[in-house]
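The next block holds one structure in the form of C-alpha cells; read it before the comments.
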Amino acid sequence: MADCIDCKKCERACPALRDNGLREAVEAYAGIIRDKHDYLTTTSGGAAQAISKMTLSKGGVVYGCASLPAAKVCHIRVCREEDLEKLKGSKYVQSSLLTEFGNIVTDVEAGRRVLFIGTPCQVAAVKALFNKTPENLLLVDIVCHGVPSLEFLKDYLRHNGIEPDSVGKIEFRDGQSFKIKVVDKSDKIVYESLSYYEHPLRDIYYTAFINGDSYRPSCYGCRFASPSRCSDITIGDFWGLGKVSPADEIPPHDKGISLLLPVTEKGIRTLDELGRLMALYRRDVDEAVGGNAQLRHPTPYGAWTGAFNCLRKIIGVWPAATIIYYIHRLKDSAVSQILTITSWITKRRQ
C-alpha cells in the first residue's frame with residue numbers, strides 16, 4: 001500500500017502472528033443454566049447467558065454477537081439484562097467487531113467490568129488492544145469449528161429469494177436442531193429450513209457448513225483450534241459427555257448442555273461465582289477435549305473442500321453443495337457420482 005510506512009505495528013498486533021499467552025484448561029465442567037426460560041431460549045446449556053447476567057449484575061457491560069436487520073451479524077455493547085435477548089443463539093458466520101474496539105477500550109479504561117464473548121481469533125484481537133490483559137476484562141471464547149463469510153450468507157439468502165436488506169433477524173439453531181429461520185423486519189417468518197440431520201440436502205448453508213467446506217480460508221490453519229486457549233474461559237457444546245466416565249448425576253438436557261473450560265485464575269474465580277446461575281458438574285478435561293475435534297486441531301482443508309470452492313464459482317453454490325455432499329458419503333467412484341448428479345441437476349433445470 002502507498003500509505004504504508006513500514007512501522008510493523010500491524011504485524012505486532014496481528015493475532016495470528018503475536019504471542020497470545022495460550023494456556024491449557026486446568027478444569028472442565030458441564031453446565032446447565034438454572035433459569036428455565038433462558039435454558040429453552042439459548043443453545044448449548046446457556047453458559048454465555050449466565051456469565052453475561054452475572055457481569056451485568058455487578059454493574060458491568062457485555063460485548064457479544066447479535067443478528068441485526070439487513071442481515072448484519074455484529075458485536076454489540078449490552079448494559080441492560082433485557083437486551084441480552086439480542087445475544088442469544090449461535091451465529092454460524094463471521095461477525096464484525098469494527099464498531100466496538102474503541103468502546104471496549106473506553107469501558108476498560110473507565111474501570112468498568114467488561115465481558116467479551118467471541119471466537120478465539122476475536123478474543124485474541126481484543127487482547128491485542130492492551131499491553132497486558134486488564135483485571136476488569138473477562139475474555140470468553142467459544143469452541144469454533146470455522147465460520148463462513150457474511151457474503152456467503154448473503155448469497156445463500158438471495159438463492160432463497162430473500163434480499164438481505166429485507167431481513168430483520170436470522171436464527172441459526174433451535175436447541176439441538178440445526179436449522180435456519182429468517183424473519184423480516186415485521187417479524188414475519190420468510191424462510192425456515194428443515195433440520196439438517198434429518199434432511200441434509202434441503203439446506204445448502206448447513207450442507208456446506210457441517211461438511212466444513214464453506215469456511216473462511218484462515219479457518220483451515222487456525223492456530224487457536226487446540227487444547228491451548230487464549231481466553232479466561234472457553235465455552236461450547238459438551239460433545240462426548242459421559243464417554244470417559246459416567247454422567248449419571250447430570251439431569252436430562254434435551255436442549256443442550258454447556259462445556260466450560262476455565263483457563264486462567266480469573267476464569268476459575270468466575271466459575272466459583274457462577275454456581276448460583278448454573279448447575280455445574282466437574283468433568284475430566286480429557287473428556288472435553290476428546291469429544292470436540294476443534295479443541296485438538298482445525299478443520300482440515302481437504303480435496304473435496306477445494307473441489308466445492310472451485311465448483312461453486314462455475315455452477316453455483318446449490319449444485320456444488322449437492323455434488324460434494326454425495327461425494328462425501330457414497331462409496332462409488334467420484335467420477336460416476338459427479339456424472340450421475342450433474343445429469344440429474346441438468347434434467348431438473350429443463
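Table: residues versus (1) within 14 Å of Tyr92 (Cα to Cα); (2) of a type outside the set (Asp, Glu); (3) not in a loop (DSSP other than H, G, I, E, B).
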| site | (1), (2), (3) |
| --- | --- |
| Asp187 | no, no, no |
| Tyr205 | yes, yes, yes |
| Ile210 | yes, yes, yes |
| Tyr215 | yes, yes, no |
| Arg223 | no, yes, no |
| Ser226 | no, yes, no |
| Ile235 | no, yes, yes |
| Lys243 | no, yes, no |
*For residues in the range 73-93 being open to solvent by 40 Å² or more (accessible area, probe 1.4 Å) and in contact with a strand residue (DSSP E or B) (Cβ under 9 Å, 6 or more places away or on another chain), which is farthest from Cys144 (Cα to Cα)?*
Cys79
*What do you reckon, is Gly21 open to solvent by less than 60 Å² (accessible area, probe 1.4 Å), closer than 21 Å to Cys222 by Cβ and either at pLDDT below 95 or touching a Leu at 6+ places or on another chain (Cβ under 6 Å) (or both)?*
yes
*Of (1) at pLDDT below 95; (2) in contact with a His (Cβ under 6 Å, 6 or more places away or on another chain); (3) not β-branched (Val, Ile, Thr), Ser90 satisfies all except one. Which?*
(2)
*Filtering the range 98-112 down to residues that are in a loop (DSSP other than H, G, I, E, B) and either of a type outside the set (A, V, I, L, M) or touching a helix residue (DSSP H, G or I) at 6+ places or on another chain (Cβ under 9 Å) (or both), which residue is surrounded by the fewest Cβ atoms within 10 Å (Cβ to Cβ)?*
Gly111
*Considering the range 297-319 alone, what residues qualify as being touching a residue at least 60 places away in the same chain (Cβ under 8 Å) and either in a helix (DSSP H, G or I) or of a type in the set (D, E, K, R) (or both)?*
Trp304, Thr305, Phe308, Asn309, Val317, Trp318
*All positions within the range 257-296 that are under 20 Å from Gly146 (Cβ atoms) and out of contact with any Cys (no Cβ under 9 Å at 6 or more places or on another chain)*: Leu259, Leu261, Ala288, Val289, Gly290, Gly291, Asn292, Ala293, Leu295, Arg296
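The values are calculated or read from the model by the stated rules, or taken from the named source; none is laboratory data. A quick note: this is a predicted structure, and the numbers were derived from the prediction, not measured. A quick note on method: Cβ atoms are made from the backbone with ideal geometry, for glycine too, and the neighbour counts reach across all protein chains shown. Side chains are part of the model used for accessible areas, which takes the heavy atoms of the whole protein and leaves out ligands, DNA and RNA. Shrake-Rupley method; radii C 1.70, N 1.55, O 1.52, S 1.80 Å.
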